[in-house]
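The values are calculated or read from the model by the stated rules, or taken from the named source; none is laboratory data. Remember, predicted model here, so these are calculated numbers, not experimental data. For neighbour counting, all protein chains shown are included, and Cβ atoms are generated from backbone atoms with ideal geometry for every residue, glycine included. Protein only, heavy atoms only, side chains kept; ligands, DNA and RNA dropped before computing areas. Shrake-Rupley method; radii C 1.70, N 1.55, O 1.52, S 1.80 Å.
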Amino acid sequence: MLLTRARFEAANTSNPVFITGDFNSAAMGSDSGAYNIITGVLPPVAINATFAAKYRVDDDQLPGFTMLDLRGQAPRRSVSTNFATFTGFTAPNDTGQWTRIDFIFGGSNGEWTAQGYNTGTSLSDTGLLASDHRPSFADIFF
């Protein structure tokens, strides 16, 4: 549904489109279905017919439109070394379940450039984890 709506917005506004959030889908591995669909690696699954009709785009408008992972689009030297966005509430040295499931995507229709990507920390000043997710930030130029 997100890919359908993003393509609709890109086609009807001619503006850049971004989607951010917790996808609960890793970029790699057996749980990567949502990531692979939104980035065009896998074909979309069937969606609600009413939604599909409301956000329909003609086949000749933005064919092959996908969402691009801004972490992969930013220059390597401008990407933070933190990778995992989901850490659970585990100890800092217990990284067995850490993974990347929070993303910033930009539409393949362009009109933007990712200049940097950072995955921050959720560790508070008191030493407690404020969340089981780390924040992601992107420097985007239009």
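Assorted remarks:
- For the chain, the solvent-accessible area works out to 59 Å² per residue, with a probe of 1.4 Å and every protein chain left in place.
- Of all DSSP beta bridges confined to region 1-138, the antiparallel ones make up roughly 95%.
- Region 61-142: projected area of the alpha-carbon convex hull, averaged over directions, in nm²: 6.7
- Working ranking of peptides 95-107, 129-141 by packing, defined as the average number of other Cβ atoms within 10 Å per residue, highest first, is 95-107, 129-141.
- Protection proxy ranking, highest mean first, for peptides 53-64, 16-27: 16-27, 53-64, where packing is the per-residue count of other beta-carbon atoms within 10 Å, averaged.
- In whole angstrom, region 68-108 maps to an equivalent ellipsoid with semi-axes of 24, 12, 6, each derived as √(5λ) from the alpha carbon gyration tensor and ordered largest first.
- All-pairs Cα distance distribution in the chain, expressed in whole percent, bin size 10 Å: 11, 36, 32, 16, 4, 0
- Relative contact order of region 3-142, defined on C-alpha pairs under 8 angstrom at six or more residues apart (%): 28
- Summed residue charge, Cβ within 10 Å of Asp102's Cβ, Lys/Arg positive, Asp/Glu negative: +1
- Crossing angle, helix 2-13 versus the chain [Cα axis fit, 0-90 degrees, rounded to tens]: 60
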